[in-house]
Amino acid sequence: MFYEDLSKYDYMVNDEFTDSESNFYGLWYRPAYTRLNVGWLQADKPYSTGPVPTRFVEKLEAVQEVQWMNVCLGVHDCDLCPEEVAPEGNGEVRIPGEAGIAYAAPFLITHYITVHDYRPPQVFIDAVLAVDLDAWAAARWPDVPFPWVPEDAERMLE
């Protein structure tokens with residue numbers, strides 16, 4: 001599935017949060033912020049390449065340890081890799097940007113960066129580097145890490 005970097009995310013109307021650590025599933029909410037696509041690559045589409053800071057990759061991987069968004073039953077294989085070795089992904093990650101913005105990336109984004117030399121937009125790199133992982137780990141709603149949802153977001157628990 002391809003979306004141009006920094007285009008408006010419109011794949012799902014609501015977002016669903018899943019916390020792997022507490023086995024909490026099913027917190028849906030309608031975002032009150034604009035979601036922008038980052039890292040939705042496809043084999044027949046060009047993408048930016050280049051080096052990224054090691055600390056950026058480490059922090060993005062740490063975020064993915066505590067945050068799973070829109071986990072689907074099906075999976076998406078990396079179509080940039082040969083089929084027999086292609087990793088699978090089935091979820092997304094959200095990174096808060098400037099006020100009113102969140103970046104929406106596929107869970108395979110770290111694979112694209114480390115294996116296929118993908119270089120996300122600088123605003124995304126800066127946003128990941130600005131994440132306070134200690135604050136994220138300490139925040140709970142309800143009893144799960146959920147600090148990056150703006151206070152004005154409509155929360156729906158189903």
### Query
Could we say that ASN70 is touching a residue at least 12 places away in the same chain (Cβ under 8 Å) and either open to solvent by 40 Å² or more (accessible area, probe 1.4 Å) or in contact with a helix residue (DSSP H, G or I) (Cβ under 8 Å, 6 or more places away or on another chain) (or both) here?
no
### In the range 93-117, the residues that are among the hydrophobic types (A, V, I, L, M, F, W, C) and in contact (Cβ under 8 Å) with a residue 12 or more places away in the chain
VAL93, ILE95, ILE101, ALA102, ALA104, ALA105, PHE107, LEU108, ILE109, ILE113, VAL115
### Query
Within the set of pairs 6+ apart or on separate chains, which have a first residue in the range 45-65 that is in contact (Cβ under 8 Å) with a residue 24 or more places away in the chain, a second that is open to solvent by 80 Å² or more (accessible area, probe 1.4 Å) and in a helix (DSSP H, G or I), and C-beta atoms under 8 Å apart?
VAL57/THR114
### Message
Looking for something assigned to a loop (DSSP other than H, G, I, E, B), at pLDDT 95 or above and open to solvent by less than 50 Å² (accessible area, probe 1.4 Å) - is there at least one such residue anywhere in the range 23-34?
### Response
no
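Okay, residues lined up against (1) open to solvent by less than 40 Å² (accessible area, probe 1.4 Å); (2) in a loop (DSSP other than H, G, I, E, B); (3) in contact with a helix residue (DSSP H, G or I) (Cβ under 8 Å, 6 or more places away or on another chain); (4) under 20 Å from ASP132 (Cα atoms):
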residue	(1), (2), (3), (4)
ASP10	no, yes, no, no
VAL13	no, yes, no, no
GLN42	no, yes, no, no
ARG55	no, no, yes, yes
LYS59	yes, no, yes, yes
GLY74	no, yes, no, no
### the range 99-136: number of residues that are open to solvent by 40 Å² or more (accessible area, probe 1.4 Å), assigned to a loop (DSSP other than H, G, I, E, B) and either out of contact with any Gly (no Cβ under 9 Å at 6 or more places or on another chain) or at positive phi (or both)
4
### Summary
Scanning the range 76-98 for residues that are within 17 Å of the chain's Cα centre (by Cα) and more than 19 Å from ASN14 (Cα to Cα), the one most open to solvent (accessible area, probe 1.4 Å) turns out to be GLU98
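The values are calculated or read from the model by the stated rules, or taken from the named source; none is laboratory data. The structure displayed is predicted, hence computed values, not measured ones. A quick note on method: Cβ atoms are made from the backbone with ideal geometry, for glycine too, and the neighbour counts reach across all protein chains shown. Keep in mind that these areas ignore ligands, DNA and RNA; they rest on the heavy atoms of the full protein, side chains included. Shrake-Rupley method; radii C 1.70, N 1.55, O 1.52, S 1.80 Å.
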